[in-house]
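Here the structure comes first, spelled out in structure tokens, and everything after it is commentary.
The values are calculated or read from the model by the stated rules, or taken from the named source; none is laboratory data. Keep in mind it's a predicted model, so treat the numbers as computed, not measured. In this analysis, Cβ positions are derived from the backbone assuming ideal geometry, glycine residues included, and neighbour counts consider all displayed protein chains. Calculation scope for accessible area: heavy atoms of the full protein, side chains included, ligands and nucleic acids excluded. Shrake-Rupley method; radii C 1.70, N 1.55, O 1.52, S 1.80 Å.
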Amino acid sequence: MLFTSFEFIFAFLPVAFLVFFLFARFWGREAAALWLAAASLFFYGWWSTTYIALLLSSILFNYCAGYLICKNHEANIRVAKTALYVGIVSNLALLCYYKYTNFFLGEISRLTGAHIPSLSLILPLGISFFTFTQIAFLVDAWKGKAKEYNFSHYILFVTWFPHLIAGPILHHGQMMPQFKDPAIYKPNSRNIAIGIALFSVGLGKKLLLADPISTYADPLFHAAATGQAIGTMVAWAGAMAYTLQIYFDFSGYSDMAVGLSLLFGIRLPVNFNSPYKAKSIIEFWRRWHMTLSQFLRDYLYIPLGGNRKGEIRRLVNLSLTMLLGGLWHGASWTFIIWGGLHGAYLCANHIFQKLPRSYLSGLIPRFASNAICVAMTFAAVIFAWVFFRAENVHSAIAIAHAMLGSQQSVPWDSIFKNLSFITYVSYLLVSMFIIWVLPNIYEVIDLLENRVVVNDQEGQRISSTVCVAVAMTCVAIVVTSLLSTFGSNIISPFLYFQF
């Protein structure tokens, strides 16, 4: 069940919302929390009931492991440490089995020449996210940060449907206090209004921008996979299209997840903050998939030693972290290369920051430095996305060579058959205006909330006008988005569902 589907918007969501508050009013908060957990399991099972038992088994196992860690942390440190190690290894083993077994079997077969048949494995939906969420829980339990062990709340913490399939990665300490808070069990008009606004904007990003621009990305990567000739212009056009597609697709999902959660009074961490405005790769990773970046920093980079053991070790740790971060996205050399590229970018960024400012001054005019830094960062990100999207390393290298101008010119129509160049440019200009000129939805909400506290009458009048304009804009986005899919049999899942 997609957030963008009619059955979700007009059936699942209204029922889940209304029954939650009815349960809270007449049967108590515990019943309401159990209802949300059951609704979340139903949402997960809508795709396939095959792995519901796996999800519940993972939840029960990690809950017990966390409970053992917490209860024995002081009384019996050996039991606590054993529970921590067994829990982490078991989670990683489960993830590796489903996600990487066939990849490693294929590599062994390729290197040895032996015929090793692949296994008939289907990747359980959301396994990367609920596994990382629970690994973080076990580590937090060891550090004494996870202290509440209400089992129904824990089930809801892991299965909470706005985040279960594609994030954000949650922490026990972020969510469990919210489930105890009586305030979330009563409807809040402010939360509902902001939630609807976030959901509406996310819906528009997905259906009006990400999906249409994808029609210009897919032909390029298909052409590369089938060995067609690719020219520099079409290579950059297709790579740019995918760069915009994944931006609006993931940004849209992130907005919708936060908005949906806020309808119920539950606050998720912001996971996406205008990353293409970043002036460096370091800043990019502070803005893109923010909870994954924080997870990799806290549970991989810092345990490896971080920057505590000298500059060389710091760069090695950064490279290893990004290589594993790339592998987390998928069992393919293309993802590993993508992670390696970003690791190299980060290392270069840190080395550049170490250069004396006197050496750097005068190289770039001050008035143009920010724009140039944004453009350079954006170009580096586009180039890396080619490896992220390509079907294999060979096709990625073919596109990369074309982008660098090493292949002959190829006509637009040879790759983008029946696709208008004018329409492409229109999407490009609109997207760039939204990305680099307009504030993001969180900045708009902050602006509105700041204006609401103005006490003079004119300030209140301006605030009301702006709020009405925002509400009308959200209605227009929802109507236009739904009309764009009405009668269509095309199902377009969010890109991060595959990870």
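As a test question: what accessible area, to the nearest 10 Å², does Asp298 have when a 1.4 Å probe is rolled over all protein chains in place?
50
Once ligands and nucleic acids are excluded and a 1.4 Å probe is used, how much of Glu443 is accessible, expressed in Å² to the nearest 10?
Glu443 exposes around 80 Å² with every protein chain in place.
Packing-wise, with mean Cβ within 10 Å as the measure, how do 244-257, 165-178, 45-58, 23-36 rank, highest first?
Listed from highest to lowest mean packing, they are 244-257, 165-178, 23-36, 45-58.
Net charge near Ile246: determine it from the other residues with C-beta under 13 Å of the C-beta of Ile246, scoring Lys and Arg +1 and Asp and Glu -1.
With Lys, Arg at +1 and Asp, Glu at -1, the neighbours total 0.
Sticking to Cα atoms, compute the Rg of segment 308-348 to one decimal and its Dmax as the biggest Cα-Cα distance, whole number, in Å.
When restricted to the Cα atoms of segment 308-348, Rg and Dmax are 10.4, 32 Å.
For segment 144-238, with equal point scatterers placed on the C-alpha atoms only and solvent neglected, what are the log10 I(q)/I(0) values from the Debye formula at q = 0.11 1/Å, to two decimals?
The Cα Debye sum returns log10 ratios of -0.60.
Ignoring any ligand, DNA or RNA, what whole percent of the accessible area of the chain comes from carbon and sulfur when the probe is 1.4 angstrom?
So the carbon and sulfur contribution to the accessible surface is 66 percent.
Lys and Arg at +1, Asp and Glu at -1: add these up for the other residues within a Cβ distance under 11 Å of Thr377 and post the number.
Taking every Cβ under 11 Å from that of Thr377, the sum is +2.
Give me the net charge for the shell around Phe179: Cβ to Cβ below 9 angstrom, other residues only, Lys and Arg +1, Asp and Glu -1.
Every neighbour counted, the sum reads 0.
Under the classification rounded if a/c is under 1.5, otherwise prolate if a/b is larger than b/c and oblate if not, where does the chain fall, given a ≥ b ≥ c as square roots of the Cα gyration tensor eigenvalues?
Since a/c stays below 1.5, the shape of the chain is classed as rounded.
Per DSSP helix of 4 or more residues, -39500 (n - 2.57); summed, then divided by the residues of the chain. What does that give at 222 nm, rounded to the nearest 500?
Value at 222 nm, helices only, nearest 500: -23000 deg cm²/dmol.
With the contact rule set at Cα under 8 Å and sequence spacing of 6 or more, what percent relative contact order holds for segment 224-336?
11
Solvent-accessible area per residue for the chain at a 1.4 Å probe radius, Å²?
I get 47 Å² per residue for this part.
May I ask you to order 326-332, 374-380 by the average number of other C-beta atoms within 10 Å around their residues, highest value first?
Result, highest mean first: 326-332, 374-380.
Taking Lys186 as the anchor, which aspartates and glutamates have their alpha carbon closer than 14 Å to its alpha carbon, excluding any fewer than eight residues away along the same chain?
Glu30
Using a cut-off of 16 Å between alpha-carbon atoms, which aspartates and glutamates can reach Lys143, once sequence neighbours fewer than 8 places away in the same chain are excluded?
Glu74, Asp298
Arrange the peptides 113-120, 338-345 so that the one whose residues have, on average, the most other Cβ atoms within 10 Å appears first.
338-345, 113-120
Just going by the charge dipole of the chain, with Lys and Arg at +1 and Asp and Glu at -1 on Cβ, which of Leu209, Asn349, Ile477 is farthest out on the positive end?
Final value for the positive-end residue is Asn349.
In nm, give the distance between the simple-model label positions of Thr423 and Val270, each being 7 Å from the Cα along the Cα-to-Cβ direction.
3.5
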